[in-house]
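Written out below as structure tokens is the structure these notes cover.
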Amino acid sequence: MPVLEGHWGSDLRMRDSRLGVCPEEPPGSPEWGPLRTPPVTCGGLSLTLELPALIRQLRAAWRARRGGPCAKEKKRGNTWVEAGKEAEEGKQDDENSRAHLEAKTRLYVGHADGLLGKRRGSYPPIDLRILKTSSLQSGDVESSTRRKMKHLLSFHRYTHTSRLLRGLAPRDSGSLHFLDDDYRGQAAHMLSRVGTWDFDIFVFDRLTNGNSLGTLMCHLFNIYDLIHHFQLDVVKLHRFFGTVQKDYHSQNPYHNAIHAADVTQAMFCYLKEPKLADQLTPLDVFLGLVAAAAHDVDHPGVNQPFLIKTRHHLASLYQNASVLESHHWRSAVGMLRESGLLSHLPAEITRRIEQQLGSLILATDICRQNEFLLTFREHLDNQDLDLREPSHRHFILQIALKCADVCNPCREWDLSRQWGERVCEEFHQQGELEKKFDLEVSPQCDRQLDSVPAIQSGFISCIAEPLFDEWNRFTHPSPLSQTMLEHLHKNKARWSCLLKLPPEEQTFSCAERPEAQKRDGKNIP
């Protein structure tokens, strides 16, 4: 290794001393010169050594007393070794130390350079030495370190994968491939069909290793060129998407990041509707996609009545009105500010974006369903919707987000059924929690009384069907709306079919029981 001189050499020695390497200056280095100490004694010890050798011995004695990682084994006594012998050992130590330092430096710099090509902005490179550290004694500290490393690895895998999904080749031939070629190819193929209604978000989530929401949002922002239009910082954008996805709770059967990704994909399909697409501004698209992604962020897995009767602090904070939706909105605004995604925009525009984002998310409150439905129906009856007006476009975005939020019954049966079972499981878990604490069980939350087919049949009849009938009127003629209504009616019939079976057999679909499809001489679809 070449001799390190000047400012950089000093910095490197300081850094390596912190890393556990103990570099020692060679006796003849230019920094020290031929200085020698006079023959003096201290405490009966002869100090007839060159200054560098003396400093080395002082270091060694100090480390031996502290038991440091670089301390050398020395005999205890009142005398030091002779100067000549120490000088020879010092030279040997210098050579070993420099070789060790060179190897360490090469590992550190080489590894950092390899990762800098795969990370974005100021995210720190991963130091593999942390993974190999064996000095951790506390299980809590070790598990915490592993969690941090897993998060960093996930981020690098995600950014690397997102580049590939956007058709960007790796920056260097030696890059690490965290996902094999088959999975990357399948995920990219799915993204090429992201605007189709039969998009399977469960498969996509597996192909992206649980990063369906962030990957989908990055892809959609690129489709609409929102990054260039709003001059967004890519690092801040990834930070925002990552925070949103992380703040969904995976233990929730239904209200999790996969649901948010599903709603976002549906919202994208609605934004493409011919009657709407030509009138939307980039700001409308930005608001629609971000609201869809964050509309249920940090959902606790229980509904508003549960929060109210347990006197949860969120119920008190929002005065028992749109409690969850208000919390989702405030959480989304907090993440926007934390990421600094919009910090480059004028304060007035940022405030307007935050308010309109809240207006969209608050519209998903199921308690306000009739309010929005009646207003929507009134506009359609009067034929007075003018999408050139910002207020009318915003209202349609509210309706579109409401439709995307409850579009599960409009999916193909296999997908619709999975979502139906998931949301009912979340209801039933809440009911079990209410029983555990001697609370009144909320409607549709009793596992013994409220079956999945019963809940789904009621939901389709009371909520989904009236809303999508009006949406079909607005988008007519729309092949997508027609497809959704067809799936809705078929799924409603299937749930009704299951409802007529004994409770223990309601887990089987009508398609799996041909004899159950015929009722009154008719074939149930």
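Taking (1) polar (S, T, N, Q); (2) open to solvent by less than 50 Å² (accessible area, probe 1.4 Å); (3) closer than 18 Å to Ala400 by Cα in turn, Gln279 satisfies each apart from (2). Scan segment 378-414 for residues that are within 32 Å of the chain's Cα centre (by Cα) and outside any helix (DSSP H, G or I) and jot them down. If the condition is that a residue be within 32 Å of the chain's Cα centre (by Cα) and outside any helix (DSSP H, G or I), then Val406, Cys407, Arg411, Glu412 are the ones that fit. Listed by position, the helices (runs of 4 or more DSSP H) inside segment 415-505 whose residues that are among the basic types (Lys, Arg) and over 24 Å from Phe372 (Cα atoms) number at least 2 are 479-499. Output yes when any residue across segment 257-270 is open to solvent by 30 Å² or more (accessible area, probe 1.4 Å) and touching a His at 6+ places or on another chain (Cβ under 9 Å), and no when none is. For segment 257-270, residues open to solvent by 30 Å² or more (accessible area, probe 1.4 Å) and touching a His at 6+ places or on another chain (Cβ under 9 Å): absent.
Each residue in segment 388-430 was checked for being open to solvent by less than 10 Å² (accessible area, probe 1.4 Å), among the small types (Gly, Ala, Ser) and more than 19 Å from Gln482 (Cα to Cα), and 1 pass. Collect the residues in segment 280-328 that are without any contact (Cβ under 8 Å) to a residue 24 or more places away in the chain, of a type in the set (Ser, Thr, Tyr) and part of a helix (DSSP H, G or I), keeping them in residue-number order. Ser316, the sole residue that qualifies.
Note on segment 324-350: residues that are among the β-branched types (Val, Ile, Thr) and touching an Asp or Glu at 6+ places or on another chain (Cβ under 9 Å) amount to 1. If you go through segment 413-451 and keep only what is closer than 22 Å to Ile258 by Cβ and in contact with an Asp or Glu (Cβ under 6 Å, 6 or more places away or on another chain), you end up with just Gln444.
Could you say whether any residue in segment 303-319 is under 23 Å from the mean Cα position of the chain (by Cα) and within 30 Å of Gly431 (Cα to Cα)? The answer is no; no qualifying residue exists.
Mind checking which residues of segment 241-256 are touching a residue at least 60 places away in the same chain (Cβ under 8 Å) and either in a loop (DSSP other than H, G, I, E, B) or open to solvent by 30 Å² or more (accessible area, probe 1.4 Å) (or both)?
Initial filter on segment 241-256 (touching a residue at least 60 places away in the same chain (Cβ under 8 Å)): 242-244, 247, 252-255.
Hits for segment 241-256 are Gly242, Thr243, Asp247, Asn252, Pro253, Tyr254, His255.
Taking only segment 354-372 into account, find how many residues are under 30 Å from Val452 (Cα atoms) and open to solvent by less than 20 Å² (accessible area, probe 1.4 Å).
Number satisfying all stated conditions: 7.
Of all residues in segment 329-352, those satisfying the criterion of being in contact (Cβ under 8 Å) with a residue 40 or more places away in the chain, assigned to a helix (DSSP H, G or I) and either aliphatic (A, V, I, L, M) or open to solvent by 30 Å² or more (accessible area, probe 1.4 Å) (or both) are Ala332, Met335, Leu336, Glu338.
At least 1 residues that are within 22 Å of Arg411 (Cβ to Cβ) and among the β-branched types (Val, Ile, Thr) in each: list the helices (runs of 4 or more DSSP H) lying fully within segment 179-239 that qualify. Give the derivation first.
Values: elements: 181-191, 201-207, 212-223, 226-229.
Of the helices (runs of 4 or more DSSP H) lying wholly inside segment 179-239, those with at least 1 residues that are within 22 Å of Arg411 (Cβ to Cβ) and among the β-branched types (Val, Ile, Thr) span 201-207, 212-223.
Could you list, in sequence order, the residues of segment 214-249 that are over 18 Å from Asp284 (Cα atoms) and of a type in the set (Asp, Glu)? Answer for segment 214-249, where residues must be over 18 Å from Asp284 (Cα atoms) and of a type in the set (Asp, Glu): Asp233, Asp247. Checking each residue in segment 197-240 for being in contact (Cβ under 8 Å) with a residue 60 or more places away in the chain and open to solvent by 20 Å² or more (accessible area, probe 1.4 Å) picks out Trp197, Asp198, Asp200, Tyr224, Phe230, Gln231, Asp233, Val234, Val235, Lys236, Arg239.
The values are calculated or read from the model by the stated rules, or taken from the named source; none is laboratory data. All values reported here derive from a predicted model rather than from experimental measurement. Methodologically, a virtual Cβ is constructed for each residue, glycine included, from the backbone with ideal geometry; neighbour enumeration extends over all protein chains shown. All accessible areas refer to the heavy atoms of the entire protein, side chains included, with ligands and DNA or RNA removed. Shrake-Rupley method; radii C 1.70, N 1.55, O 1.52, S 1.80 Å.
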